[in-house]
Each structure stands twice: as C-alpha cells, then as structure tokens.
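Step one of this worksheet: look at the structure below.
The values are calculated or read from the model by the stated rules, or taken from the named source; none is laboratory data. Not measured: the values here are computed from a predicted model. Here Cβ is always computed from backbone atoms with ideal geometry, including for glycine, and neighbour counts include all displayed protein chains. Calculation scope for accessible area: heavy atoms of the full protein, side chains included, ligands and nucleic acids excluded. Shrake-Rupley method; radii C 1.70, N 1.55, O 1.52, S 1.80 Å.
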Amino acid sequence: QVQLVESGGGLVQPGGSLRLSCTISGFTFDDGAIGWFRQAAGKEREGVVCINSRSVITYYVDSVKGRFLISRDNAKNTMYLQMNSLKPEDTAVYFCAARKYSDCTTTVRRYDYWGQGTQVTVSS
C-alpha cells in the first residue's frame, strides 16, 4: 500500500516562508518521479515542480522559480518543498504526488499516488 502523508501547511504573511513535507511509504525514489501540485480555489490543479528518479528537477510555474526548492531525504523517504518569499497568489491546497515512471509530467492523471493535500494561505 503506497501512502503519501503531508504536513507543514498553514497561514503565513506575504514574504514569509514555509516548508512542506511529504513522507512516502510503499514507494521509493528509485521507483519513479515525485512532485508537488497546487490547486487554488476555483482553479484547476497545476503542477508546480517535480524531481525525477535521477534527481533532475523541473519547475513548471515560472513565478516560483528562485523562491521554491524541492528536495528529498532518502534516509527518511521524505520529500520537501521549501517555499520562500511567499505571495498571496501562492495560496492553494498543495498536494504531493508520485508516479511509477522515471519522467516528470504536469498531467494529473499520469500520477499514480497522491497525498491528502495541505492548505497554504498567504495573507496579511
């Protein structure tokens, strides 16, 4: 049974930082790609950033480049999203996801496993 468990969301002021965590069981980083998606109220889910099984990182949202950093801890089998200089437009439910293939993609239906989502709210 593959499970992804997220934590770290919350309320933060513009310019602040948060670090999201996604602990994965039943799946290793060698099995495929892992990444972060987000879904704002009234909008479709979008891919934010992904790291493939060879640790190659791809950013899909231009506005987060230089502010967000994806990483993984192999010993803890945990993926992180460090979010800095947060903006109100970053407000969304953030999901971690994994797929059984090495390549990254922004297509939601191509991911096999999903976390429950964690709310990030950026507001003054």
Computed Rg/Rh for the chain (Cα atoms; Rh = Kirkwood radius) stands at 0.94
The chain, dipole about Cα centre (Lys/Arg Cβ +1, Asp/Glu Cβ -1), debye to the nearest 20 | 60
How much solvent-accessible surface does TRP114 expose, in Å² to the nearest 10, with a 1.4 Å probe and all protein chains in place?
-> 70
Surface accessible to a 1.4 Å probe, ASP62 within the full protein complex, Å² = 120
Report, ordered by chain and residue number, the lysines lying within cross-link reach of LYS65, taken as a straight Cα distance under 22 Å and ignoring same-chain residues fewer than 8 apart.
-> LYS43, LYS87
Beta bridges per DSSP with both ends in the chain, % antiparallel, nearest 5 | 90
Accessible area (Å², per residue) of the chain, counting only protein heavy atoms and a probe of 1.4 Å | 52
Any number yet on Rg/Rh for segment 36-92, C-alpha, Kirkwood?
-> 0.98
So how do VAL61, VAL56 rank on accessible area, 1.4 Å probe, biggest first, that is with the largest at the start?
-> VAL56, VAL61
Portion, in percent, of the accessible area of segment 1-89 that falls on carbon or sulfur, probe 1.4 Å | 45
Anyone know which of GLN82, GLN39, GLN13 comes out most mobile in the 10 Å Cα GNM of the chain?
-> GLN13
Largest-first ranking of ARG54, ARG67, ARG19 by accessible area, probe 1.4 Å, whole protein assembly kept, is ARG54, ARG19, ARG67
Candidates LYS43, LYS87, LYS65; GNM for the chain (alpha-carbon contacts under 10 Å) flags as most fluctuating LYS43
Where TYR80, TYR94, TYR101, TYR113 fall by accessible area, highest first, once all protein chains stay in place (1.4 Å) = TYR101, TYR113, TYR80, TYR94
Tell me, what is the percent relative contact order of the chain, built from C-alpha pairs under 8 Å that lie six or more residues apart?
-> 36
